[in-house]
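Worksheet: one structure, shown below.
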Amino acid sequence: MRLAVLSDTHGNATAFEAVIHDLHSQSPDAVVFLGDIVMRGPQPSECIHMVRSLKPLAVIRGNYDDMFTKFPEPGWVPSNYKQELVLRAYEYDCERTAKEDQIWLSNLPVELSCEFEEVPTEMYHAGPNSLVNVVYPWAPLDELDSLNKYEHTKLVLYGHVHHAFARQGRGRLHVNCGSIGLFDGDNRASYAIVDFNKSDIAVQLRRVTYDLESALEIARERNMPDIAAFEYAHRTARYPYNALKQLT
Ligand SMILES: [Fe+2]
């Protein structure tokens, strides 16, 4: 069985289209999506519809999906630059997503456990019991061990940290499919293909280039707020918040 693992489009439908094109060449039997469909990119609604059109076996809720459907509390005022960006992204996405899609996002599950062939698997956005916990590829084994709930699990799939990797932990394999719409260190989109043969697991971490200029053009046409942050993040493949503060 061949499983495609996708995550973190963050409203970047141009990158998502390129990934779906590559995905067709891989002919997966099933697709799972691990969260953060919306926020911080120009096309949140398109990304929601593209995820749904793939008829995924599971769609897990990400921290940005969660924030988008609950945020902000009445009277909430941003207290720093990052929160100002988040508020503007929230307002932009609210105007461009249908109520029905917002309700769909708010009902996504936060985890799924199932078996692929003979491989017990757990899936999360960031990890069990948290949508925001950060476990990087270079984390100590004790931190990797925090990513599963059940001792018999042989595979953990997650997203959130925008770093694609596969690493054997104590008793199970951990696979992060990386990010389609936002990047860290490599400005190509990433996703994972996992092949199961009974209890054997083989992983491909795939990288896909896409037309950034076209994504920027869409962002400009739609007057997306904070385009400089979006452009900086994609041109440099870096986290934009600290660097951009000085430019604004
Ligand atoms: Fe994300």
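What follows is calculated from the coordinates using simple rules that are stated; it is not laboratory data. Treat the numbers as computed from the prediction; the structure is a model and nothing was measured. We place every Cβ from the backbone using ideal geometry, glycine too, and count neighbours over all the protein chains shown.
Pull up region 159-187, narrow it to residues that are away from the ligand (no atom under 16 Å from the Cβ) and among the charged types (D, E, K, R), then point me to the one that is nearest to GLU17 (Cα to Cα). Only one residue fits best here, namely ARG167.
Residues that are over 15 Å from the mean Cα position of the chain (by Cα) and more than 21 Å from ALA189 (Cβ to Cβ): which strands (runs of 3 or more DSSP E) entirely in region 1-118 hold 2 or more of them? If you could, list the steps in order and put the result at the bottom.
Values: elements: 2-6, 30-33, 111-116.
The qualifying strands (runs of 3 or more DSSP E) are 111-116.
Scanning region 207-227 for residues that are over 11 Å from ALA18 (Cβ atoms) and of a type outside the set (Asp, Glu) returns LEU216, ILE218, ALA219, ARG220, ARG222, ASN223, MET224, PRO225, ILE227. Within region 77-112, if we keep just the residues that are aromatic (Phe, Trp, Tyr) and farther than 23 Å from ASN129 by Cα, the residue that is surrounded by the fewest Cβ atoms within 10 Å (Cβ to Cβ) turns out to be TYR81.
Kindly check whether there is at least one residue in region 132-142 that is of a type outside the set (A, V, I, L, M), surrounded by fewer than 17 Cβ atoms within 10 Å (Cβ to Cβ) and under 30 Å from ALA219 (Cβ atoms). Let's see the steps before the verdict.
First, the residues of region 132-142 that are of a type outside the set (A, V, I, L, M): 133, 136-138, 140, 142.
Still in the running and surrounded by fewer than 17 Cβ atoms within 10 Å (Cβ to Cβ): 136-138, 140, 142.
After this cut, where a residue has to be under 30 Å from ALA219 (Cβ atoms) as well, the list is 136-137.
Yes, region 132-142 has at least one match.
Do you know which residues across region 177-190 are in contact (Cβ under 8 Å) with a residue 60 or more places away in the chain and either assigned to a strand (DSSP E or B) or more than 23 Å from LEU141 (Cα to Cα) (or both)? Matches in region 177-190: CYS177, ILE180, GLY181, LEU182, ALA189.
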